[in-house]
Amino acid sequence: MNSTELLAQFGDLLLNDGIEIVDLSAVLGPETPLLKLPPELAVDTPKIEIHSISAYDDKGPWWAWNWLKLGEHSGTHFDAPIHWITGKDYADGATDTIPPKNFVAPANVIDCSKEAAADPDFLLTADHVKAWEAEHGDIRKGEWVLMRTDWYKRNGSETAFLNADETGPHTPGPTADAIEYVISTGAIGWGSETIGTDAGQAGGMEPPFPAHSLMHKANKYGLASLSGLDRLPAKGATLIAAPLKIKHGTGSPTRVLALVPRR
Ligand code: 23J
Ligand code: MN
């Protein structure tokens, strides 16, 4: 089939509800959980603020609009390669320079929900990823790899979502060898349902924050705080994840959509 025929059929399917559009984004607002780093390490991203400019009132009789105070890495968001020092020199690694074709790509969804329920510090290894491929098929060049943990169900409470104690945050994520393996498949990016793409305890890994450090070193992307990966098949969904075109942006809150076959 040529692409003219394919896109005509695709349009028909969309209009006839033959394709499900699944929203993988959480609501963005003052209650959105935000990353908290150890105070000795860094400054935190600011709380999200939504300020009214006018609301059909004396400040603007016929219109309502707001202005926002919003960190790039807030809520469901995209990590660009220049977010990390390992990817800082990629000319095509910022939100305004990433080729737009990379914003639409198939997704592989690795279900770690049982493991994460049993152990909040669950780490996905390269062997887990290879076993998933043996069951579901290979991860191909240009595709997303997403870690399903059902962690999004905690997103309504910052305390539950961050799950921190005196030893730091306890949330699931990948090992460095899992990320190395994902990179070797040619995947375009790594996504998770937790506050960031790395595990809560990833600051102590080698290298620290491997999903950030290694993916961005390879000019690849991240998606964090995804919501509802349990609605996607292991394979067969296509992701639309386009960050705002922020000048030299390191990331952006993103409306992540999945196109899912209806059965
Ligand atoms: C800055 C420093 C450490 C981390 C992060 C940001 C993120 O997770 C992020 O949102 O990219 S771990
Ligand atoms: Mn981020």
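The values are calculated or read from the model by the stated rules, or taken from the named source; none is laboratory data. From a predicted model like this one, the values you see are computed outputs, not experimental measurements. Because the Cβ atoms are built from the backbone with ideal geometry, glycine has one as well, and the counts that use them run over all protein chains shown.
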* Determine, yes or no, whether Ser213 is closer than 27 Å to Lys47 by Cα, of a type in the set (Ser, Thr, Tyr) and within 11 Å of ligand 1 (Cβ to nearest atom). => yes
* Asked: Within the stretch 51-89, how many residues turn out to be of a type in the set (D, E, K, R), within 16 Å of ligand 2 (Cβ to nearest atom) and part of a loop (DSSP other than H, G, I, E, B)?
  -> 2
* To do: Using the structure shown, decide if Pro38 is of a type outside the set (A, V, I, L, M, F, W, C), touching a helix residue (DSSP H, G or I) at 6+ places or on another chain (Cβ under 7 Å) and touching a residue at least 12 places away in the same chain (Cβ under 8 Å).
  => no
* Asked: Would it be correct to say that Ile98 is at pLDDT 95 or above, in contact with a Phe, Trp or Tyr (Cβ under 8 Å, 6 or more places away or on another chain), assigned to a loop (DSSP other than H, G, I, E, B) and closer than 26 Å to Thr250 by Cβ?
  -> yes
* Might you let me know whether the stretch 171-182 holds any residue that is closer than 27 Å to Asp23 by Cα and surrounded by fewer than 22 Cβ atoms within 10 Å (Cβ to Cβ)? => no
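Let me confirm something: among Val27, Val104, Val22, which residue is in contact with a helix residue (DSSP H, G or I) (Cβ under 7 Å, 6 or more places away or on another chain) and more than 16 Å from ligand 1 (Cβ to nearest atom)? Break it down into steps so the answer makes sense when it comes.
Values: Val27 fails: in contact with a helix residue (DSSP H, G or I) (Cβ under 7 Å, 6 or more places away or on another chain); Val104 fails: in contact with a helix residue (DSSP H, G or I) (Cβ under 7 Å, 6 or more places away or on another chain).
Of the residues listed, the single one that is in contact with a helix residue (DSSP H, G or I) (Cβ under 7 Å, 6 or more places away or on another chain) and more than 16 Å from ligand 1 (Cβ to nearest atom) is Val22.
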* Structure fact -> Just one listed residue, out of Pro39, Pro46, is at pLDDT below 95 and either within 16 Å of ligand 1 (Cβ to nearest atom) or not in a loop (DSSP other than H, G, I, E, B) (or both), and it is Pro39
* Structure fact -> Picked from the stretch 77-128 (must be in contact with a His (Cβ under 9 Å, 6 or more places away or on another chain) and among the hydroxyl-bearing types (Ser, Thr, Tyr)), the residue nearest to Ser225 (Cα to Cα) is Thr95
* Asked: Quick check, is Pro46 exposed (fewer than 12 other Cβ atoms within 10 Å of the Cβ), in contact (Cβ under 8 Å) with a residue 24 or more places away in the chain and under 23 Å from the mean Cα position of the chain (by Cα)?
  -> yes
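Could you look through the stretch 154-176, keep only residues that are outside any loop (DSSP other than H, G, I, E, B) and without any contact (Cβ under 8 Å) to a residue 24 or more places away in the chain, and pick out the one that is farthest from Leu37 (Cα to Cα)? Steps first, answer last, please.
Initially, the stretch 154-176 is screened for residues outside any loop (DSSP other than H, G, I, E, B), giving 154, 158-162, 164-165, 168-169, 173-174, 176.
Those still in the list that are without any contact (Cβ under 8 Å) to a residue 24 or more places away in the chain too: 154, 159-160, 165.
Working: Arg154: 19, Thr159: 14, Ala160: 16, Asp165: 13 Å.
Going through the qualifying residues, I end up with Arg154.
For the stretch 4-26, indicate whether the set of residues that are outside any helix (DSSP H, G or I), loosely packed, with under 11 Cβ neighbours inside 10 Å and touching a strand residue (DSSP E or B) at 6+ places or on another chain (Cβ under 9 Å) is non-empty. Reasoning before the result, please.
Within the stretch 4-26, the first condition is being outside any helix (DSSP H, G or I), and the residues that meet it are 16-26.
Filter again for loosely packed, with under 11 Cβ neighbours inside 10 Å, leaving 16-17.
Filter again for touching a strand residue (DSSP E or B) at 6+ places or on another chain (Cβ under 9 Å), leaving none.
No; the residues of the stretch 4-26 include none that is outside any helix (DSSP H, G or I), loosely packed, with under 11 Cβ neighbours inside 10 Å and touching a strand residue (DSSP E or B) at 6+ places or on another chain (Cβ under 9 Å).
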* To do: Could you identify the single residue in Gly87, Gly75 that is surrounded by 16 or more Cβ atoms within 10 Å (Cβ to Cβ), among the small types (Gly, Ala, Ser), on the phi < 0 side of the Ramachandran plot and within 16 Å of ligand 1 (Cβ to nearest atom)?
  => Gly87
* Members of the stretch 163-217 found to be more than 18 Å from the chain's Cα centre (by Cα) and among the hydroxyl-bearing types (Ser, Thr, Tyr), listed by number -> Thr167, Tyr181, Ser184, Thr185
